[in-house]
1. If you go through the range A:229-276, how many residues are crowded, with 23+ Cβ neighbours inside 10 Å, within 14 Å of another protein chain (Cβ to nearest Cβ) and under 14 Å from A:T209 (Cβ atoms)?
2. List, please: which pairs have Cβ atoms under 6 Å, are six or more places apart or on different chains, and start with a residue in the range B:99-113 that is touching a residue at least 12 places away in the same chain (Cβ under 8 Å) and end with one that is surrounded by 14 or more Cβ atoms within 10 Å (Cβ to Cβ) and assigned to a helix (DSSP H, G or I)?
3. Can you give me the number of residues within the range A:25-73 that are without any contact (Cβ under 8 Å) to a residue 12 or more places away in the chain and in contact with a His (Cβ under 6 Å, 6 or more places away or on another chain)?
4. Taking B:T2 as meeting all but one of (1) hydroxyl-bearing (S, T, Y); (2) surrounded by fewer than 18 Cβ atoms within 10 Å (Cβ to Cβ); (3) touching a helix residue (DSSP H, G or I) at 6+ places or on another chain (Cβ under 6 Å); (4) modelled with pLDDT of 95 or more, write down the number of the exception.
5. So which residues in the range A:208-228 are surrounded by 22 or more Cβ atoms within 10 Å (Cβ to Cβ) and facing chain B (nearest Cβ under 9 Å), if there are any at all?
6. Are any residues in the range A:75-93 in a strand (DSSP E or B) and either farther than 21 Å from B:E37 by Cβ or touching a residue at least 40 places away in the same chain (Cβ under 8 Å) (or both), and if so, which ones?
7. Test B:I83 against the criterion of being of a type in the set (A, V, I, L, M), closer than 17 Å to A:S64 by Cβ and within 11 Å of chain A (Cβ to nearest Cβ), and give yes or no.
8. Within the range A:72-95, can you find the residues that are surrounded by fewer than 21 Cβ atoms within 10 Å (Cβ to Cβ), more than 22 Å from B:T92 (Cβ to Cβ) and touching a Lys or Arg at 6+ places or on another chain (Cβ under 9 Å)?
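The values are calculated or read from the model by the stated rules, or taken from the named source; none is laboratory data. Values in this document were obtained by computation on a predicted structure and should not be read as measured data. Here the Cβ positions follow ideal geometry from the backbone for every residue, glycine too, while neighbour counts run over all protein chains shown.
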Amino acid sequence: MAKIVAGIASSHVPAIGVAMDRGTTDTPYWQPLFKGYGPAREWLAKLAPDVAIVVYNDHANAFSLEIIPTFLIGVADKFPIADEGFGPRPVPAVVGHPALAWHLAESLILDEFDMTIANAMTVDHGLTVPLSVTCGKPAAWPFPVIPLCVNVVQYPPPTGARCYKLGQAIRRAVEKFDQDLRVVIYGTGGMSHQLQGERAGLINRQFDTAFLDGLTKDPVALSKISHTEYMREAGSEGIEMVMWHVMRGALDDNATEIYRHYHIPASNTAAGLMILENGSSA
Amino acid sequence: MTLPHDYESIPGTYVYDAARGRIGYPLNMFCMSLNKEENRRRFKQNEASYLDGFGLTAEQRRTILERDWLGMLRVGGNIYYTIKIAFCDGLTFQDVAGMMSGVAKDTYAQMMLAGGRSAEGNRYKDEKLPEQDRG
């Protein structure tokens, strides 16, 4: 039986990827952020999961406004790196896990989560930056990845509560898979940031801290934050934090926080990282 | 008609919702085309003629050609799309964020280093009204 052993929440700020790709992570601007990633990389290397499910949003790269899937799962065996408007990031292509991905697609749909299925898609910084944050710069990513996209570009994204329930359904599905796999799940995006309008640059440390605390202590209450509250308190793009609830829903109710890192700023964004472990399976 | 939206009371924020989606589609799909190197090259060679094929309104064309970043949002631009024009110009998200908020690049960068724009005083269009009377 497959099992979800841990969850990782991480911002996916594109500038973090650019800093790694250009080798500027030791500059005074970036060093404090990247220093905090070290322990997470060590933890993940030691955990050595068999596969990762990465919950993220595409940013007008794999998908345009032509078709806007609310929840989508990638079932391909390989996902090329997208050209986001300035050439693809120089990182390895992402290798998929079609057997588990198809099992998830089938199980989730029959469990009343109406997933869109993608046989061919590129992946953008939303997926690759969290991999870079937690894996560094390997020649190949250390595990296969199942991309799970959530629309947060066209209002409205799915609610936090719906995302949490999707996480619970992902867990049920993983535990019905007939291979012994140790799975990690990433929830990405956030934390507080606003990239647009006269209010661009909004950051809310108090909101973010309460969010990080609530993720362990009371995730169900946290999942009920409304879209307007995210946008008002954490900036219009802070609404990406709904994706963290998918990760949290897939873990034990009493999952343990084992690491957190929070830094302002990464470009326009408050960057957060949190690792949660399922007690019985680490 | 879509439902009334309580987020309209947030100042300086252009939520890409149904109303903006209805007017913004051609503008954003032009931006999407810039994901291809060949199209970026053609756009840079002759911006005005490149824009001809996308069914843009005159005001959408103007905001693109003049790099009126706030103006683009007002005519249906979505920041994840319009940023692709900025990438073509060699600009970053932070450069454009500074321009949209009307401050110099260094001033904006300093604000971010100092912890960003505070939510205090920036939650409602009219912070002076009692909560129940705000938009």
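1. Residues flagged as crowded, with 23+ Cβ neighbours inside 10 Å, within 14 Å of another protein chain (Cβ to nearest Cβ) and under 14 Å from A:T209 (Cβ atoms) within the range A:229-276 amount to 5.
2. B:M99/B:W69; B:M100/B:W69; B:M100/B:L70; B:Y108/B:G98
3. The qualifying residues number 0.
4. That leaves (4) as the condition not met.
5. Passing the criteria: none in range.
6. Pass one, the range A:75-93, residues in a strand (DSSP E or B): A:78-79, A:81, A:83, A:88.
Matches in the range A:75-93: A:K78, A:F79, A:I81.
7. Values: of a type in the set (A, V, I, L, M): yes; closer than 17 Å to A:S64 by Cβ: yes; within 11 Å of chain A (Cβ to nearest Cβ): yes.
Answer is yes for this residue.
8. Listed by number, the residues that qualify are A:A93, A:V95.
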